[in-house]
1. Name every residue in region 298-311 that is surrounded by fewer than 22 Cβ atoms within 10 Å (Cβ to Cβ) and out of contact with any Ser or Thr (no Cβ under 7 Å at 6 or more places or on another chain), in order of residue number.
2. Could you please find all residues in region 1-56 being more than 9 Å from the ligand (Cβ to nearest atom), part of a helix (DSSP H, G or I) and in contact with a strand residue (DSSP E or B) (Cβ under 7 Å, 6 or more places away or on another chain)?
3. Could you go through region 400-414 and let me know if any residue there is under 30 Å from R428 (Cα atoms), away from the ligand (no atom under 16 Å from the Cβ) and aromatic (F, W, Y).
4. Across region 57-68, what is the total count of residues that are assigned to a helix (DSSP H, G or I) and free of Cβ contacts under 8 Å to residues at least 60 places away in the same chain?
5. Being within 13 Å of the ligand (Cβ to nearest atom), among the charged types (D, E, K, R) and touching a strand residue (DSSP E or B) at 6+ places or on another chain (Cβ under 7 Å) is the filter here, so list the residues in region 299-339 that pass it.
6. Please state which of the following conditions C342 fails to meet, knowing it meets all the rest: (1) away from the ligand (no atom under 15 Å from the Cβ); (2) within 22 Å of P25 (Cβ to Cβ).
7. Check G52 against each of (1) at negative phi; (2) within 27 Å of the chain's Cα centre (by Cα); (3) not charged (D, E, K, R) and name the one condition it does not meet.
8. Among the residues of region 27-64, what is the count of those that are farther than 12 Å from F183 by Cα and not small (G, A, S)?
Amino acid sequence: MMTFAELGLDAKLVQATDALGYVNPTPIQEKAIPVLLSGTKDLVGLAQTGTGKTAAFGLPLLHLVDEGQKYPQALVVCPTRELCLQIVNELEGFKKFQTGMHVVAVYGGTSIGQQIRDLKRGVQIVVATPGRLIDLIERKAINLEQIKYVVLDEADEMLNMGFKEDIEFILQNTPKRESTWLFSATMPPEIRRISKKYLKEPVEITVGKTNTANKNIDHQYFVTSAQYRYQALKRLIDFNPGIYGIIFTRTKADAQEIAEKLTREGYDIDALHGDLTQQQRDKVMGEFRDKTLQLLIATDVAARGIDVQGITHVINYELPDDVEVYTHRSGRTGRAGNTGVCMSIIHMREMGKMRHIQGIVQVPFHKMDIPAGKDVCRKQFFHFMDKLLQTDISHGDYESYVPMLEEKFADVSKEEVLKRVAAMEFDRFLKYYENAEDLNVYDQRRERFDRNSGDRRGNDRGDRGDSRGERGGRQQFSGGGDVARLFVNLGTKDGFYKASFLQFILDMSDLRKEVLGRIDMKEMNSWIEIDKRAAKQMIAAIDGKNYKGRRIRMNDADSRR
Ligand code: AMP
């Protein structure tokens, strides 16, 4: 295996890779870095995120760019703000010992003024999303005259997001461009066309087969019926208590709705999708990265290029249509040599699609049973007991309590104490799963559907307590309370999105999430379904209070009409 020094990189860069703990170059780095350093002009790199491609172009850029000249010499264009920040973050690490080197990130959704000031300070490398870059070009706030190196990262995704003209505009407006390095996970015809038009005899480097999934990932699928998809998701999460994962949905609405439902049920989850403001996206990503959030639910576009270390599971709430999308999703886990699991919840009709993906990805997919309620309980139980055993009691004055505790528990056996601890922790959980039904769909599913169409399904729904409005007829909460609808003059304009709004009203009113039903948010106002018995308490707690200097008005929506 090669070392970074052997690739021909500047000593300061080798020192930086050491400081970052990189021992050996990854395959794409080993292939691309010597080629780029040798003065080759253009390159096409077929590689997915997670392969180390940022360093594959980042290290050569830092090596080639003239630290003594304080104007933009290299431009990296990428599809999303998150990726932009990630690239800058990595470059910062690589240029740690190049004190005169400056890198700036320019992306939309945030103040352009600060970015213009950063650019004026004199930078050598600009990392940009296409839209904001064009904005800066048009304002003449950025000078591309001296740009020698252009990197297009995740080119296929930029095209998917409709940046084709922008990319061509950028390539046409870099007159001194000597080298163009194009990275893409896939090679659709349109990328080939761009490559042909703007790149001169590029060296092509492929890492792995384009669609081949990472071997460190265990691909599993679970067959259920469409109406049990949400429950199956919950069960998979519950069966993996230490999970740190991303759930993918096809639509923004699904991502938001499932995040809200799971939040209501006590899960650490938030949604990432295109409807959020940049501030909200940053907040969600920040919380997920520092593991305050255990789960992130995202659409493909929003999660594009995200590089978060240590993701244990990717869950496909629904299968994507494209194999490439599947590979991108599953590639969020099993990174940097770690193992990961990619679980897909599918229904019978999707079996063909599943086989198709499996055929192209060319690794075995494992059909798994959705765990039974009692299996989930057992798993949670032992996880909790492990946590109990591992709890650090070395600090704190617990010793001094021991005599008192011994006295208090004199007549209680160790077994009984354990049972009581378990009951405290698990009562609600056990009740939920006590009569939980088998969510698997077997081949003889028609028979099973018939069997389930009566009471059993009704029972299960009743247990969940989240089926308001699904049963038809008059809406009721699980405890039997009728539904009231409240109006409030707060909405998305106030910076809320559903999950944060829910948290806000629950915090203000000191009510539990179980009392809430659907929340309908508009720009200026929102409507909240709530258990009638809790409505008064919520109004009393919120109506008349101030939010950001504005008086909040909350009342029964239906009595106003
Ligand atoms: P990327 O494909 O550029 O998104 O990189 C994936 C992750 O691998 C990033 O977190 C990098 O910091 C890390 N990484 C890149 N190159 C190496 C290397 N040679 N050794 C160890 N980790 C690396």
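Read-outs: derived from the displayed coordinates by stated rules, not from any lab. Computed from a predicted model, the values in this text were never measured in an experiment. Cβ atoms come from the backbone with ideal geometry, glycine included; neighbour counts cover every protein chain shown.
1. Correct list: D300, V301, I306, V308, Q309, G310.
2. Matches in region 1-56: K31, A32, V35, L36.
3. Yes.
4. 4
5. Passing the criteria: only R332.
6. Checking C342 against (1) away from the ligand (no atom under 15 Å from the Cβ); (2) within 22 Å of P25 (Cβ to Cβ), the one that fails is (2).
7. Of (1) at negative phi; (2) within 27 Å of the chain's Cα centre (by Cα); (3) not charged (D, E, K, R), only one is false for G52: (1).
8. Number of matching residues: 17.
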